[in-house]
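See structure below.
The values are calculated or read from the model by the stated rules, or taken from the named source; none is laboratory data. Please read these numbers as outputs of a predicted model, since none were measured by experiment. Every residue, glycine among them, receives a Cβ derived from its backbone with ideal geometry; neighbour counts consider all protein chains shown. Protein only, heavy atoms only, side chains kept; ligands, DNA and RNA dropped before computing areas. Shrake-Rupley method; radii C 1.70, N 1.55, O 1.52, S 1.80 Å.
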Amino acid sequence: MAGSVMERCELLSKLSEEPHVLTRPYGSRAMGEANEAVARWMREAGMNVRQDAVGNLIGRYEGAGGGTFVLGSHLDTVRAAGKYDGVLGVLVAVACVQRLHVRGERLPFSVEVVGFADEEGLRFGTAFLGSSVYAGLFDGRLLDLEDGDGESLRDAVLNFGGDPEALARGAREASDFLGYCEVHIEQGPVLEDLGLQVGVVTSINGQSRVRAGFAGHAGHAGTVPMKMRKDALCAAAELVLEVEKAARSRPGAVGTVGEISAQPGAGNVIPGEAFVSLDLRHPEDEVRGRLRDHLEDQTRKIAAVRGCEPVWKAHQEIPAARMDPQLSGLLGRAVEEVVPAVHRLPSGAGHDAALMAARCPAALLFVRCERGISHHPAEAVAEEDVEVAIAVTARFLELLARDRA
Ligand code: GLV
Ligand code: MN
Ligand code: MN
């Protein structure tokens, strides 16, 4: 089965908005094609398939009893992505359901496999858009966010065949969610270093996403003396270095400016406006909050010194999430039955499991990836490790079924 999962990862990696690299943002044509392909595989695995109001792809395998256990991960990608981030978890889940289907087995609960439509936030700078809708935790204020082309999230949802007004309506009854389990590549080097194929995640770091910037004064690059300028991009450059300095000085913190833009954007025009994206993370919400507040303060100070207007739009605060000890214990038991040892580790990367954990017990299985490389085309996993991930997930479902029988 791992061979087929690897082939499917390869096939999905061809569904991209950009030539030569894998870039699959929310609501794109490539995203629609990925949903179609995965929907076909879900149907072959005996699932009923639907797309919800935001475009999450949901395959349901009816059980013999009540309640729904959710498996999944995301189908969107970052820009110039690897082939396995997100996709692997969805396809491992489909493979596990296919196994049940082939054997004609029904569990004492239904299983839903979800391919979340947007975890990375590439297009709107919002992480976990898909899982927040599925879990009934969507923040309606996000609908007015605009992408780089000025299209609102509201319109993007409509154009993807969704219903923006339904996003905040909430999900099903909490009691129907029995739990959530996600398989994901580690995206770091720890498991490889320990010589382990998989590991069980204990907690997921929280994150803040901010759009910060400066409004200065555009002008002629040849005529305005240096002393008289209000160069917004120079102010933004100071902020970029401040993010690095502030994160470095707080153990465990990471801060990233991954996007920068300057307007009007011509070589001979002093930038009148400049914006940067901020991604701040830490295992403790309080420390992350202090880092964010410090940077907001610095943005104001830099603006004042340079005669610019500061802009600070904090559009997402995602608290750190602890994985459920009981469910993770069960996942650990499944790991121990498949490989010699279970290793527990925290996650620096964000995952849909962080959002789902606010709604129901959640567990996360990491799969070793080569040299820990991720968010990069060189991302790689070994087929034997995928085989182990399938075996662990299948055993986990058996243990869960036994517990609930
Ligand atoms: C998702 O990969 C994230 O951690 O940003
Ligand atoms: Mn990612
Ligand atoms: Mn991911």
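Numerical summary
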{"quantity": "Length-normalised contact order for the chain - Cα pairs under 8 Å, 6+ apart - percent", "calculated": "21"}
{"quantity": "Assigned charges on the beta-carbon of Lys, Arg, Asp, Glu; the chain dipole about Cα centre (debye)", "calculated": "560"}
{"quantity": "Sequence of Met1, Met226, Met323 from largest to smallest accessible area, 1.4 Å probe", "calculated": "Met226, Met1, Met323"}
{"quantity": "Residue-level accessible surface for Met6, protein heavy atoms, 1.4 Å, Å²", "calculated": "30"}
{"quantity": "Solvent exposure, largest accessible area first (probe 1.4 Å, DNA, RNA and ligands not counted), of Asp403, Asp155, Asp76", "calculated": "Asp403, Asp155, Asp76"}
{"quantity": "Dimensionless Rg ratio for the stretch 207-318, taking C-alpha atoms and the 2.2 N^0.38 Å reference", "calculated": "1.11"}
{"quantity": "Normalised contact order of the stretch 194-328, rounded percent, pairs of Cα under 8 Å and 6 or more residues apart", "calculated": "42"}
{"quantity": "As computed over the chain, the Cα convex hull volume per residue (Å³)", "calculated": "135"}
{"quantity": "Amide H within-cut-off set for His376, under 5 Å, with H built and near neighbours excluded", "calculated": "Gly82"}
{"quantity": "The stretch 123-228, Cα convex hull volume normalised per residue, Å³", "calculated": "222"}
{"quantity": "Ratio Rg/Rh, restricted to the stretch 21-116 and using Cα atoms, in which Rh is the Kirkwood radius", "calculated": "1.00"}
{"quantity": "Beta bridges per DSSP with both ends in the chain, % antiparallel, nearest 5", "calculated": "70"}
{"quantity": "Segments 331-343, 122-134 sorted - mean Cβ within 10 Å per residue, highest first", "calculated": "122-134, 331-343"}
{"quantity": "Segment Lys227-Asn48, length gained on full extension (0.36 nm per residue, minus Cα span)", "calculated": "57.8 nm"}
{"quantity": "Accessible carbon and sulfur surface of the stretch 207-318 relative to its total accessible area, %, 1.4 Å", "calculated": "54"}
{"quantity": "Spin-label model distance (nm) - Ala405 vs Glu165, 7 Å beyond Cα toward Cβ", "calculated": "4.8"}
{"quantity": "Å² of accessible area per residue within the stretch 207-318, as computed with a 1.4 Å probe and no ligands counted", "calculated": "54"}
{"quantity": "Loop-located GluC sites (Glu not before Pro) in the stretch 159-227, at most 12 other Cβ atoms within 10 Å (DSSP)", "calculated": "Glu173"}
{"quantity": "Computed accessible area, Arg395, all protein chains, 1.4 angstrom probe, square angstrom", "calculated": "60"}
{"quantity": "Relative contact order of the stretch 283-365, pairs being alpha-carbon contacts under 8 Å that are 6 or more residues apart, as %", "calculated": "32"}
